[in-house]
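Comments concern the structure below.
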Amino acid sequence: MTGLKVCIVGSGNWGSAIAKIVGGNVMKFDKFDKRVNMWVFEEMINGQKLTEIINTTHENVKYLKGIKLPESVFAVPDLVDAAKDADILIFVLPHQFVKRCCDSLAGKLKSGAVGISLIKGFERSPEGGIELISKNISSRLNIQCSVLMGANIASEVAEEKFCETTIGSAEMEMGKTLKELFETSYFRVVVVDDVYTVEACGALKNIVACAAGFSDGLGYGDNTKAAVIRIGLMEMVKFTEVFFTGSKLSTFLESCGVADLITTCYGGRNRRVSEAFVKSGKTIEELEKEMLNGQQLQGPHTADEINVMLKNKKMEDKFPLFTAVYRICHREIPPQALIDCIREHPEHL
């Protein structure tokens, strides 16, 4: 009996770090096939194809330089070829590319395939609201889709520094299989069934991290930043209560919740670029090009998507921090207005 075949859809910083883990774990368990396909958007690096570099040197020299990938990981430039025989598809690419990716894969996947999304963000629905990316993937591809979110800075995971993560899976048997696929001695996994809250945390915390970065850029200090993080957490809880019925408060105490929020507000790219946004006066787009090696920031995009929902529900005033981040990113108000926006927060009344 052949093992479960795994395909990683995406090969950026986080995708490559996950490839290191998954490529190692498939060699440890008989239930998995010993080859992991990783879809790589083809690029030329110093005159050589990136897929060829990965497959010969076992290193993603563009997005995870200096980290060796297991020889079980194969870079594949064609998305359909990479994914068509997979039993488990790991989606780990910028959320704005999900639609294009799913359109390419629709009707071409193996019967019974399942997915797991590591993508932090929301999709904007045609009706003007927001949709969880796991639901979007599930509906577009007609597959079950779990999620993995946590306090997981890709470079630290790749360097095998201890951390935790959370898998949200509606089917606990599948959750157990996914735990085997992802867990290592340094990457510990907790499985919960509160899928929507796990995923919402992974997206919403990036908005809070932008606010933390604005605070840092303004030199407001640790007390102010702590207040921003606490208020942001309360807005995350409130948002899931309002828009995702059945969310569990206990999920916010998992790695996907408060731990991921703290990490992102101190060490993530959303905080770092937002600080530079204040200090440099440059646009988010300019800073993405300068600081992120061509990758896009998730916080401002998520703030845009959340703001559509809040406007439709006439609830912007109930989420002043989320709304302030949206308005600052669009230069409707200056970063200095952040504190005024949250000074009379509903949590204080």
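The values are calculated or read from the model by the stated rules, or taken from the named source; none is laboratory data. These figures come from a predicted structure and were not determined experimentally. Every residue, glycine as well, gets a Cβ built from its backbone with ideal geometry; the counts of neighbours run over all protein chains shown. Heavy atoms of the whole protein, side chains included, go into the accessibility calculation; ligands, DNA and RNA do not. Shrake-Rupley method; radii C 1.70, N 1.55, O 1.52, S 1.80 Å.
Output the residues belonging to the stretch 238-275 that are touching a Ser or Thr at 6+ places or on another chain (Cβ under 8 Å) and surrounded by 16 or more Cβ atoms within 10 Å (Cβ to Cβ). Please lay out each step first, then the result.
Just the residues of the stretch 238-275 that are touching a Ser or Thr at 6+ places or on another chain (Cβ under 8 Å), to begin with: 240-241, 244, 247-248, 251-252, 254-257, 270-271.
Within the stretch 238-275, T240, S247, T251, F252, E254, S255, C256, G257, N270, R271 qualify.
Considering each residue of the stretch 121-143 in turn, none proves to be closer than 16 Å to N25 by Cβ, buried (at least 23 other Cβ atoms within 10 Å of the Cβ) and not charged (D, E, K, R). For the stretch 45-60, filtered to residues that are of a type in the set (A, V, I, L, M) and modelled with pLDDT of 95 or more, the residue that is surrounded by the most Cβ atoms within 10 Å (Cβ to Cβ) is I54. Scanning the stretch 91-118 for residues that are in contact (Cβ under 8 Å) with a residue 60 or more places away in the chain and β-branched (V, I, T) returns V92, V114, I116.
Could you list all residues from the stretch 18-44 that are in contact (Cβ under 8 Å) with a residue 60 or more places away in the chain, open to solvent by less than 10 Å² (accessible area, probe 1.4 Å) and outside any loop (DSSP other than H, G, I, E, B)? Give the steps one after another, and end with the answer.
Applying the first criterion (in contact (Cβ under 8 Å) with a residue 60 or more places away in the chain) to the stretch 18-44 yields 18, 20-22, 24-26, 29, 31-32.
Remaining after also requiring open to solvent by less than 10 Å² (accessible area, probe 1.4 Å): 18, 21-22, 25-26, 32.
Those that are in contact (Cβ under 8 Å) with a residue 60 or more places away in the chain, open to solvent by less than 10 Å² (accessible area, probe 1.4 Å) and outside any loop (DSSP other than H, G, I, E, B): I18, I21, V22, N25, F32.
In the set S72, S104, only one residue is open to solvent by 20 Å² or more (accessible area, probe 1.4 Å), among the small types (G, A, S) and at pLDDT 95 or above; that residue is S104. So which of A259, A276 is out of contact with any His (no Cβ under 7 Å at 6 or more places or on another chain), within 20 Å of M149 (Cβ to Cβ) and at pLDDT 95 or above? A259 is the lone residue from the list that is out of contact with any His (no Cβ under 7 Å at 6 or more places or on another chain), within 20 Å of M149 (Cβ to Cβ) and at pLDDT 95 or above.
For (1) over 30 Å from Y63 (Cα atoms); (2) surrounded by 14 or more Cβ atoms within 10 Å (Cβ to Cβ), each residue gets a yes or a no:
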{"site": "L292", "(1), (2)": "no, yes"}
{"site": "Q295", "(1), (2)": "no, yes"}
{"site": "H301", "(1), (2)": "no, yes"}
{"site": "D304", "(1), (2)": "no, yes"}
{"site": "M309", "(1), (2)": "yes, yes"}
{"site": "K313", "(1), (2)": "yes, no"}
{"site": "I328", "(1), (2)": "no, yes"}
{"site": "I333", "(1), (2)": "yes, yes"}
{"site": "C341", "(1), (2)": "yes, yes"}
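The residue of the stretch 183-222 that is most open to solvent (accessible area, probe 1.4 Å), among those that are hydrophobic (A, V, I, L, M, F, W, C), closer than 18 Å to S134 by Cα and assigned to a helix (DSSP H, G or I), is V195. Scanning the stretch 158-170 for residues that are acidic (D, E) and surrounded by 14 or more Cβ atoms within 10 Å (Cβ to Cβ) yields E160, E164. The number of residues in the stretch 147-197 that are in contact with a Cys (Cβ under 7 Å, 6 or more places away or on another chain), of a type in the set (S, T, Y) and modelled with pLDDT under 95 comes to 0.
Taking the residues in the stretch 298-337 that are in contact (Cβ under 8 Å) with a residue 12 or more places away in the chain and of a type in the set (V, I, T) as candidates, determine which candidate is farthest from R271 (Cα to Cα). Checked the stretch 298-337; the qualifying residue farthest from R271 (Cα to Cα) is V308. Of all residues in the stretch 259-286, those that are closer than 30 Å to V189 by Cα have Cβ atoms under 8 Å from Cβ atoms of residues that are in a helix (DSSP H, G or I) and basic (K, R), 6 or more apart or on another chain, in D260/K205; L261/K205; T264/K205; T264/R271; C265/K205; C265/K225; C265/R271.
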